[in-house]
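Here the structure is laid out as structure tokens; the discussion comes afterwards.
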Amino acid sequence: MTVPRPLVPRKLRRGDTIRVVAPSRSRAMVAEHDHSDIIDARFAAMGLRLTFSDHVDERDDFDSSPVTSRVADLHAAFADPDVAGILTVIGGFNSNQLLPHLDWDLIAANPKIFCGYSDITALQNAILARTGLVTYSGPHWSSFGMRDHFEQTQSWFTQALFGSGSVDLHPAPAWTDDLWFLDQDNRTEHRGKGWWPLVPGAAAGRIVGGNLCTLNLLQGTGYMPSLDGALLMIEDDALVDADTFARDLTSLLQQPDAAGIQGMAIGRFQEASGVSRHLLEQIIAREDRLAGLPVLANVDFGHTSPLATFPIGGQASLTVGEASFLRIAERS
């Protein structure tokens, strides 16, 4: 497929307005555990003004809202000249429902920061495929309600969305994987053990990825971005075990243009997934398409914290070895 010309949105500045949208699950569901005071304080400290889409609190039996409501809110956010960036409430399971109804010309004509992760992967990669707009895999609006152990996530967020240069990622010294929104006072912090250099080498390429099982929903559609020249950055959550991750990865690597993949970074797995380094090494070794390509795992993105912010459609340089290195930028 033809790869659109890259569109890079302008970075955020103090005084900018952010629109919060719910293209997957509703804010009404998130509000059952209300941490908006923490969220509001964090955005105020960054100098950002939060606004909310008209249908953000609509809620149906799937904890979501009608397709028409979600599409209208996304279109309004992109069309509003006073909105500098768009942030999603949270992930979920159904943002791909919106794809046939989106006005791609409207989105391309109004390039701006769009940030979220997990189920939002479907929208981000479809936007890349149809418009060339660089979006950002990073924290949701709700993520900013984490009272403790959030400093590194926010640091990466501000570097990626306010800064003008590339961002060098390094292993976090500690990480968490708990239901923090249920109990902010009793958290478990794990000591970081570094990234896992699974296959040595070096590569650079256009970032494609996010949540693997969500990205795979785009296969066979006009919303799947090209994998030719791609550096994959993929992750999955606690619902995915080693068997499921293995077959999902195989499915992605069987795409017609997967021969053009340059390398891969895999985000840290949640403990409940049971995916260990030993299992992951075997999964990677079985994939002929990855032979000779650098593969780095246990990287700080995905469904654990801290969570790095990186540009879908941007550029990454990856070195895997005794001193692994990952640099991300919007442009090469």
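The values are calculated or read from the model by the stated rules, or taken from the named source; none is laboratory data. Note that this is a predicted model, so its numbers are computed, not measured. Methodologically, a virtual Cβ is constructed for each residue, glycine included, from the backbone with ideal geometry; neighbour enumeration extends over all protein chains shown. Note: accessible area is taken over every heavy atom of the protein model, side chains too, but ligands, DNA and RNA are not part of it. Shrake-Rupley method; radii C 1.70, N 1.55, O 1.52, S 1.80 Å.
Things to note:
- Taking the range 181-202 as the range and being in contact (Cβ under 8 Å) with a residue 40 or more places away in the chain and touching a strand residue (DSSP E or B) at 6+ places or on another chain (Cβ under 8 Å) as the test, the residues that pass are 189, 193, 194, 195, 196, 197, 198, 199, 200, 201, 202.
- Test: residue 226 is touching a helix residue (DSSP H, G or I) at 6+ places or on another chain (Cβ under 9 Å) and either under 14 Å from residue 299 (Cβ atoms) or assigned to a loop (DSSP other than H, G, I, E, B) (or both): yes
- Residue count for the range 277-316 under the criterion of being hydrophobic (A, V, I, L, M, F, W, C) and assigned to a helix (DSSP H, G or I): the result is 6.
- For the range 167-175, the condition of being open to solvent by less than 30 Å² (accessible area, probe 1.4 Å) and closer than 16 Å to residue 311 by Cα holds for at least one residue.
- Complete set of residues in the range 163-180 that are within 26 Å of residue 319 (Cα to Cα) and in contact (Cβ under 8 Å) with a residue 40 or more places away in the chain: 163, 164, 165, 166, 167, 168, 169, 171, 172, 175, 176
- Boolean, residue 229 is touching a Ser or Thr at 6+ places or on another chain (Cβ under 8 Å), at positive phi and open to solvent by less than 50 Å² (accessible area, probe 1.4 Å): no
- Residues (out of contact with any Phe, Trp or Tyr (no Cβ under 6 Å at 6 or more places or on another chain) and either surrounded by 15 or more Cβ atoms within 10 Å (Cβ to Cβ) or assigned to a strand (DSSP E or B) (or both)) located in the range 317-332: 317, 318, 320, 325, 326, 327, 329, 330
- Condition broken by residue 51, with the remaining ones in (1) at pLDDT below 95; (2) closer than 13 Å to residue 89 by Cα; (3) not acidic (Asp, Glu) satisfied: (1)
- Being small (Gly, Ala, Ser), on the phi > 0 side of the Ramachandran plot and in contact with a strand residue (DSSP E or B) (Cβ under 8 Å, 6 or more places away or on another chain) is a description that applies to residue 15.
- Enumeration of residues in the range 241-253 that are in contact (Cβ under 8 Å) with a residue 12 or more places away in the chain and more than 20 Å from residue 195 (Cα to Cα): 244, 248, 250, 251, 252, 253
- Selection within the range 181-201 - closer than 17 Å to residue 325 by Cα and open to solvent by 40 Å² or more (accessible area, probe 1.4 Å): 193, 196, 197, 200
- Residue match in the range 210-223 (condition: in a loop (DSSP other than H, G, I, E, B) and of a type in the set (Val, Ile, Thr)): yes
- Candidate set from the range 282-304 (those that are touching a residue at least 40 places away in the same chain (Cβ under 8 Å), out of contact with any strand residue (DSSP E or B) (no Cβ under 6 Å at 6 or more places or on another chain) and more than 17 Å from residue 117 (Cβ to Cβ)); member that is surrounded by the fewest Cβ atoms within 10 Å (Cβ to Cβ): 292
- Of the residues 236, 248, 178, the single one that is closer than 14 Å to residue 301 by Cα and either open to solvent by 20 Å² or more (accessible area, probe 1.4 Å) or modelled with pLDDT of 95 or more (or both) is 236.
- If the condition is being touching a helix residue (DSSP H, G or I) at 6+ places or on another chain (Cβ under 6 Å), aliphatic (A, V, I, L, M) and open to solvent by less than 10 Å² (accessible area, probe 1.4 Å), then the range 13-30 contributes only 21.
- Residue 78 aromatic (Phe, Trp, Tyr) and more than 25 Å from residue 9 (Cα to Cα): no
- Residue selected from the range 181-209 under the condition part of a loop (DSSP other than H, G, I, E, B) and of a type in the set (A, V, I, L, M, F, W, C), by the criterion nearest to residue 315 (Cα to Cα): 195
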